[in-house]
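See below for the structure under consideration.
Please treat every number below as a calculation from the coordinates, not as lab data. The model shown is predicted, which means the values in this text are computed figures rather than measured ones. Virtual Cβ from ideal backbone geometry, glycine too; neighbours counted across all protein chains shown.
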Amino acid sequence: MYAIILGAPGAGKGTQADILSQEMNLPHIASGDLFRQALEARTEVGLLAKSHMDKGELVPDEVAIKIILERINQPDCASDCLLDGFPRTLHQAEVLDQALEERGKSIDRAIYIEVPNEVLVKRLSGRLLCRTCQAAYHIVNSPPKIPGRCDKCGGELYRRSDDKEETVKERLNVFFAQTLPMLDYYKKQGKLIKVNGNQEIQKVTEEILSALRAPISS
Ligand code: ADP
Ligand code: ADP
Ligand code: ZN
């Protein structure tokens, strides 16, 4: 199955994609992680992406499309994958469909995790990420067992520089202006699943899993 996880910054895309990818045995491909890896490797794409990420803007479509298509052309994504953070514009969604169609595949489900704005801001202001495995923690909601260390791999936890207040505001504006309108594209195709992301992590997972099992009605 090819599924995408959509939601504003802080909605819990990474957290849910991590759990679902293990439960359903799908590779978890996160566009933001690909950019951050490219930056660590000091590639041209990484440096270009950083200049946009620091301002809270989207990275240009061509750059995001290229990095994702290269990744989903790898053998582990030949028949399944869970995309987190891509597509984020209508153009990205259309290009992704074309690319999948060329290999006789298509997106099966688009999962939209809905969370009120004030909750998003609180989540991002307390988010911690593992430098090694990218697992997400929260200072208050889901703290690591040992401060500063990842429960899963022992890696170092850090705060993303774009999780600071001014950049968060801009990222939320960008989400509402450029990404939210894209939901209609999947709704029209009868692929959209909306879940309440403002509940415990495990409850959100259960809601997603039961929606994935049910046939789409709207
Ligand atoms: P996204 O990938 O959508 O930006 P994350 O998965 O990184 O979001 O989650 C953002 C922050 O919110 C993290 O600190 C994470 O631990 C926390 N979080 C995720 N889901 C929930 C939830 N259901 N309830 C409370 N906190 C959550
Ligand atoms: P979050 O969902 O928590 O905002 P991500 O890690 O998904 O964070 O994205 C971080 C940044 O990476 C975005 O603010 C944007 O600059 C860039 N980015 C990630 N995915 C895309 C994409 N599909 N198109 C354009 N830019 C992207
Ligand atoms: Zn880790």
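Each Lys and Arg Cβ is given +1 and each Asp and Glu Cβ -1; about its Cα centre, the chain then shows a dipole of about 440 debye.
For R213 and Y158, the FRET efficiency from 1/(1 + (r/R0)^6), where r spans their Cβ atoms and R0 equals 35 Å, is about 0.45. Distance from a point 7 Å along Cα→Cβ of M1 to each backbone N in region 77-101: keep the residues under 14 Å and list them by number. Zone members listed by number: 80-83. When the alpha carbon coordinates of region 1-82 are projected onto the principal axes, the ranges are 35, 29, 21 Å, largest first. In loop segments of region 112-172 as defined by DSSP, there are no GluC sites (Glu not before Pro) with at most 10 further C-beta atoms inside 10 Å of their C-beta. The ellipsoid equivalent to the alpha-carbon distribution of the chain has semi-axes of 25, 21, 18 angstrom, derived from the gyration tensor eigenvalues as √(5λ) and listed largest first. Qualifying trypsin sites (Lys or Arg not before Pro) in region 63-148, where qualification requires a DSSP coil assignment and no more than 12 other C-beta atoms within 10 Å, comprise R103, K145.
The charge dipole of region 13-82, taken about its Cα centre with unit charges on the Cβ of Lys, Arg, Asp and Glu (plus for the first two, minus for the last two), comes to roughly 180 debye.
Centroid-to-centroid, using Cα positions, region 141-218 and region 17-66 are 15 Å apart. Taking every DSSP beta bridge that has both residues in the chain, what percent is antiparallel when rounded to the nearest 5? So the antiparallel bridges amount to about 30 percent of the total.
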